[in-house]
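J.: Sharing a structure with you now.
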Amino acid sequence: MSRTWGGEGGGGSPAATAGARPDEARRHNRAALLRRLHVEGPCTRATLASELGLNRSTIKAVVDGLAEAGVVTEAVPTQRNGAGRPSLMVLPEPSSAVVLAVDVRVEQVAMSMVGIGGQVLGRHSWNLHHRTRTPGEVITHVAESAQLLSDELAVTALGAGVSVPGVVRRDDGFVHEAPNLGWKDIALGTRLASVLRMPVQVANDAELGALAEHVRGDARGVDDLVYISADRGVGGGVIAGGRPLRGTRGYVGEIGHIMVRPGGRPCYCGSRGCWETEVGEAAVCRALGLPETTPRGVVVAELRSLATAPLPGPLDEFADWLGTGLVTVVNVMAPELVVLGDLFTALPPAVVDHVRAVVHERSLVSRAVGGTRIVTSPLGRDAKVVGAAELAFEPVLGAV
Ligand SMILES: [Zn+2]
């Protein structure tokens, strides 16, 4: 079965519906076939026919058209099953449809050119400091780096996806607030589209983390999951019923501002005792006995050094707060899987075990499902850039 992940145009039933106009049906079948190859990888025409519910002559017509356009190639499989003529494998041609993926983090911008099928063709990143973190400078640098990558690889991106740690309006990529970048009311999508001269989609970083895990991470085949992003702040991305949950205008997922400690530390959002004041990067530093401004690399190294050591008391308390917030998340969303991303991927296994125990003890939902699965992200720091690429591919796959 070909999985879809909420593309505005191409999601839905894999095969064209009866009664559709022939050109619409062709476009739909082409997009469904490309999506299948992009997400699941190469396969035979026979597999495509059975998975997409199309007859072999329709598959042949679509594959032949795509091969003629250079979007797919066909090859004899290396492993053969049984005797007889081998069925040809259909492979996406990565450089035939390329997108630009940009992950704007608090301390760094990471970019990739990604080909159809998910292959990273080229990467570039640079560090941000307070003085180089203005939107204008980031936009200029993204445009220059995109041009360099494009020239080096001799490819032209068909669209761009951008991850931002902030509150983003999905229609036009307007960033209302990205407090840890110091950005407020920035027309990022419009400005980037104008300098990159391609369609640009901007989304919240946690939403893209969830998308990445759903399409290419541990959550493949999981229809209900919550991804927790953990940088300076904490956010959540949700896949519900196999599709991204976006809420009004895309503003879903500010779970870092669930109040867990009434009267606790003040939060920039105007409240006190928000979850992220107890489990964000500053809280991790405090639990490790480090200054709150400790560089990320040092924090990660310190966490990893505790992988096999007994947990220090403050880190045990940190695990308790992490579990406390997750109890609410699990009770409200009933995810099958919770993926802990970013900084949380460096947490010692004992902390993650403690979190699992807290959630299981205190969440009705977790007990009802026999224990909600909680894992650290296999994609790690790449999750946002992978998600940004998938975001950019959604319209591209329908248009190639
Ligand atoms: Zn808050």
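J.: Can you confirm whether G313 is modelled with pLDDT of 95 or more and away from the ligand (no atom under 16 Å from the Cβ)?
T.: When the stated conditions are applied, G313 does not pass them.
J.: Shifting gears a bit: Does segment 353-373 contain any residue that is in contact (Cβ under 8 Å) with a residue 40 or more places away in the chain, part of a helix (DSSP H, G or I) and not assigned by TED's automatic domain parsing to the domain that holds G65?
T.: For segment 353-373, residues in contact (Cβ under 8 Å) with a residue 40 or more places away in the chain, part of a helix (DSSP H, G or I) and not assigned by TED's automatic domain parsing to the domain that holds G65: present.
J.: Is at least one residue of segment 392-400 assigned to a helix (DSSP H, G or I), in contact with a Ser or Thr (Cβ under 7 Å, 6 or more places away or on another chain) and either of a type in the set (K, R) or assigned by TED's automatic domain parsing to the domain that holds V142 (or both)?
T.: The answer is no, given that none of the residues of segment 392-400 is assigned to a helix (DSSP H, G or I), in contact with a Ser or Thr (Cβ under 7 Å, 6 or more places away or on another chain) and either of a type in the set (K, R) or assigned by TED's automatic domain parsing to the domain that holds V142 (or both).
J.: Give segment 173-223 a look and list any residue that's assigned by TED's automatic domain parsing to the domain that holds R249 and over 20 Å from V386 (Cα atoms), or say none.
T.: Hits for segment 173-223: nothing passes.
J.: Restricting to segment 221-234, name every residue that is open to solvent by less than 10 Å² (accessible area, probe 1.4 Å) and more than 19 Å from V369 (Cα to Cα).
T.: Answer for segment 221-234, where residues must be open to solvent by less than 10 Å² (accessible area, probe 1.4 Å) and more than 19 Å from V369 (Cα to Cα): I228, S229, A230, V234.
J.: Being more than 8 Å from the ligand (Cβ to nearest atom) and either in contact (Cβ under 8 Å) with a residue 12 or more places away in the chain or within 28 Å of the chain's Cα centre (by Cα) (or both) is the filter here, so list the residues in segment 260-269 that pass it.
T.: V260, R261, G264, R265
J.: Of the conditions (1) among the polar types (S, T, N, Q); (2) within 16 Å of the ligand (Cβ to nearest atom); (3) part of a loop (DSSP other than H, G, I, E, B), T308 satisfies every one except a single condition; which number is it?
T.: Tallying (1) among the polar types (S, T, N, Q); (2) within 16 Å of the ligand (Cβ to nearest atom); (3) part of a loop (DSSP other than H, G, I, E, B), T308 fails exactly one: (2).
J.: Separate question: Could you list, in sequence order, all residues of segment 234-253 that are at pLDDT below 90 and either assigned to a loop (DSSP other than H, G, I, E, B) or within 11 Å of the ligand (Cβ to nearest atom) (or both)?
T.: Across segment 234-253, the qualifying residues are R246, G247, Y251, V252, G253.
J.: Which condition number does L148 fail, the rest of (1) touching a Ser or Thr at 6+ places or on another chain (Cβ under 9 Å); (2) in the same structural domain as Q108 (by TED's automatic domain parsing); (3) not small (G, A, S) being met?
T.: Exception for L148: condition (1).
J.: I would also like to ask the following. Say whether the condition of being within 9 Å of the ligand (Cβ to nearest atom) and in a strand (DSSP E or B) is met by at least one residue in segment 270-277.
T.: For segment 270-277, residues within 9 Å of the ligand (Cβ to nearest atom) and in a strand (DSSP E or B): present.
J.: Considering only segment 172-186, state which residues are closer than 19 Å to L100 by Cα and assigned to a loop (DSSP other than H, G, I, E, B).
T.: Of everything in segment 172-186, those that are closer than 19 Å to L100 by Cα and assigned to a loop (DSSP other than H, G, I, E, B) turn out to be D172, G173.
J.: A follow-up question, please. Among (1) surrounded by 13 or more Cβ atoms within 10 Å (Cβ to Cβ); (2) in a loop (DSSP other than H, G, I, E, B); (3) in contact (Cβ under 8 Å) with a residue 12 or more places away in the chain, there is one condition T294 misses while meeting the rest; what is its number?
T.: Here T294 clears every test but (3).
J.: Also, quick follow-up: Report yes if some residue within segment 316-335 is within 27 Å of L364 (Cβ to Cβ) and not in a helix (DSSP H, G or I); otherwise report no.
T.: Within segment 316-335, one or more residues are within 27 Å of L364 (Cβ to Cβ) and not in a helix (DSSP H, G or I).
J.: While we're on this one: Kindly provide the set of residues from segment 192-213 that are in a helix (DSSP H, G or I) and surrounded by fewer than 17 Cβ atoms within 10 Å (Cβ to Cβ), ordered by number.
T.: S194, V195
J.: Now for a different question. Within segment 149-162, track down each residue that is open to solvent by 50 Å² or more (accessible area, probe 1.4 Å) and assigned to a helix (DSSP H, G or I).
T.: Across segment 149-162, the qualifying residues are D151, E152, L153.
J.: Given (1) open to solvent by 30 Å² or more (accessible area, probe 1.4 Å); (2) over 20 Å from V98 (Cβ atoms); (3) at pLDDT below 95, identify the lone condition not met by P165.
T.: Only one criterion is unmet by P165, namely (1).
J.: So, of the residues in segment 278-287 that are farther than 30 Å from E390 by Cα and under 25 Å from the mean Cα position of the chain (by Cα), which turns out to be farthest from the ligand (Cβ to nearest atom)?
T.: V284
The values are calculated or read from the model by the stated rules, or taken from the named source; none is laboratory data. Being a predicted model, the structure only gives us computed values, none of them experimental. Every residue, glycine as well, gets a Cβ built from its backbone with ideal geometry; the counts of neighbours run over all protein chains shown. SASA here: full protein model, heavy atoms, side chains in, ligands and nucleic acids out. Shrake-Rupley method; radii C 1.70, N 1.55, O 1.52, S 1.80 Å.
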